[in-house]
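The values are calculated or read from the model by the stated rules, or taken from the named source; none is laboratory data. On a predicted model such as this, the values are computed, not experimentally measured, just so you know. No Cβ is skipped: glycine too gets one built from the backbone with ideal geometry, and neighbour counts run over all protein chains shown.
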Amino acid sequence: MSASTERSDLVNQLKQVQDWGQQQASHWEKKQSELTRTIQQTESDISQLTKRLEELRAQQTDFEQQGQKREGDIAKRMRQAISVGLESAAQTLDTRNLLLQKQRKIRQNRVENVLMEPKFQERIAEFRQFQQTKEQLDQLPMSYRQAILQHHQTVRKELEPIFMAAEQPLPKTDKSPKCIGIIASIDPDFVQPEAMAVLLPVPFSIYTEPNSGEDSLHQVLTFRCVGAITAALRKIGLTDVSINFGELKGYLSIQVWLGGKKLNGDIRQSISLEFQQLRDYASELQSVRLGMEVTWLDPELLDDGENP
Amino acid sequence: MTYSDLFQYFSLSEAAAQLDIHPFDIARYLSLQKGGLPVELRLTPQMIAQIAEGMGLQNWWSEPMEIEDDNPKRLLIRELSKRILEADWSDATRADNLNRGLAGQEYAFVRRVINGFIKCQLLTPNSTLTGLSIQKGAHPNWETVLSTMVDGSSFPEEITILFS
């Protein structure tokens, strides 16, 4: 190479820098272009995801609304089930009440058949005479009184078959057993209860209009439930609580105010045990093969559900 | 001879009517006795007598009224005051004892009067498992206030509004 074509080191150095600069520009231009494409792609993705997110949120809101509606529907259907259950129990009580009257009559007829037996007639007359005059016994001399009482004991002993027949438990029906539901409720919870209500499937008039005749099955059941609740409360140390009787849906509600009282036991268990005893021992219920079960429900289910 | 001639069994409702008490109160009382309610709810006269005694049933209006007053409501207030003043308050008594023996409007009115006496602290109510019981009230001038009501010379405001 001739000396005229030779380039100075200065030019060469500058040329190299110029070449490097062009390479760098090309490189960063390419990077910039890639980044722009990536940003555009990401913005597009975000737009699609945002749209998808909005769709999902709308779906979520819809599900929540459906969930709330479903809870409302469940509560509504529960209230309907309670009404149907109470009506059914009330009807069962009506039919089993007729049965109870029949069972009482069967026992009475058995006793009256024994009463009719000729061998007892003389002693029955003596027994009746004693019943009519026993209040005047005190006016008689001691020796007379003792003799009469001794004779009465003999008469009573001879009439023992009649008394045994009268004291027999009510005969059991051959109808199939039936079980009625009783609703109990604690407000607000079992840990620190403020109030308890027990709803019986009997008309409220049993409380407001007590009669003075033979007790119906409705009355027997009510008296026994009132007794069972009283005994259950005493067993957990609640001796000074106020028991009130109210009307709910036409039925009798036994309400106990517990606010601030100390409970020495589980109120649910205590009630359960007393009702179990009632079920197992009450002659009238056994006679007509009537059982019962207590179901504990949220107190909100016992209102009419119109106020959220 | 029929069944009922020989055997004197009474339903709980019949027993309650005889004793002039609500049948629920008998159920509550029996449930707290040894053995609880009988296996069959039929009661003999002896059982009914035991219930009456065990529950401490009293008839506060069995004696005829002695006070004379033109106003029948004021008369009942004065007679009740007299009975409260003369009662033995060493133990609480059933609230329904104070009404027992009355009926209809007189019964309802005396219930209102009892509530008035409670407001005036002449009587103190207590809830029990067998029903409401009543004790002597904590009024500082208990005897004086009741005495002035008995002679008709003065009545607390809460009572005056009941008959005026």
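Entry remark, the range A:119-128: residues being within 11 Å of chain B (Cβ to nearest Cβ) and free of Cβ contacts under 8 Å to residues at least 24 places away in the same chain number 3 in total. When the residues of the range A:203-221 are narrowed to those that are at the interface with chain B (Cβ under 9 Å from one of its Cβ atoms) and of a type in the set (Asp, Glu), which ends up surrounded by the most Cβ atoms within 10 Å (Cβ to Cβ)? This residue is A:ASP215. Does A:TRP296 count as surrounded by fewer than 20 Cβ atoms within 10 Å (Cβ to Cβ), touching a strand residue (DSSP E or B) at 6+ places or on another chain (Cβ under 7 Å), within 12 Å of another protein chain (Cβ to nearest Cβ) and over 18 Å from B:GLN33 (Cα atoms)? No: the conditions fail for A:TRP296. Within the range B:24-54, the set of residues being within 11 Å of another protein chain (Cβ to nearest Cβ), assigned to a helix (DSSP H, G or I) and closer than 22 Å to A:LYS235 by Cα comprises B:PHE24, B:ASP25, B:ILE26, B:ALA27, B:ARG28, B:TYR29, B:LEU30, B:SER31. Checked against (1) without any contact (Cβ under 8 Å) to a residue 60 or more places away in the chain; (2) in contact with a Cys (Cβ under 6 Å, 6 or more places away or on another chain), A:GLY291 passes all but a single condition, namely (1). There is at least one residue in the range A:61-70 that is surrounded by fewer than 12 Cβ atoms within 10 Å (Cβ to Cβ), over 24 Å from A:LEU297 (Cβ atoms), among the acidic types (Asp, Glu) and more than 14 Å from chain B (Cβ to nearest Cβ).
Taken over the range A:189-213, the residue count meeting the criterion of being assigned to a loop (DSSP other than H, G, I, E, B) and touching a residue at least 40 places away in the same chain (Cβ under 8 Å) is 4.
Evaluated against (1) within 11 Å of chain B (Cβ to nearest Cβ); (2) touching a Cys at 6+ places or on another chain (Cβ under 7 Å), A:LEU200 falls short on exactly one condition, (1). Could you tell me whether A:ARG224 is of a type in the set (Lys, Arg) and within 14 Å of chain B (Cβ to nearest Cβ)? Answer is yes for this residue.
Would you confirm whether any residue within the range A:137-149 is within 13 Å of chain B (Cβ to nearest Cβ), outside any loop (DSSP other than H, G, I, E, B), surrounded by 13 or more Cβ atoms within 10 Å (Cβ to Cβ) and of a type in the set (Val, Ile, Thr)? Write out each step before concluding.
Going through the range A:137-149, the residues within 13 Å of chain B (Cβ to nearest Cβ) turn out to be none.
No; the residues of the range A:137-149 include none that is within 13 Å of chain B (Cβ to nearest Cβ), outside any loop (DSSP other than H, G, I, E, B), surrounded by 13 or more Cβ atoms within 10 Å (Cβ to Cβ) and of a type in the set (Val, Ile, Thr).
Of all residues in the range A:232-244, those being of a type outside the set (D, E, K, R), more than 19 Å from B:ARG94 (Cβ to Cβ) and not in a loop (DSSP other than H, G, I, E, B) number 1.
Tallying residues that are loosely packed, with under 14 Cβ neighbours inside 10 Å and of a type in the set (Asp, Glu) within the range A:110-136 yields 3. Among the residues of the range B:74-92, is any within 14 Å of chain A (Cβ to nearest Cβ), buried (at least 20 other Cβ atoms within 10 Å of the Cβ) and modelled with pLDDT of 95 or more? No, the range B:74-92 contains no residue that is within 14 Å of chain A (Cβ to nearest Cβ), buried (at least 20 other Cβ atoms within 10 Å of the Cβ) and modelled with pLDDT of 95 or more.
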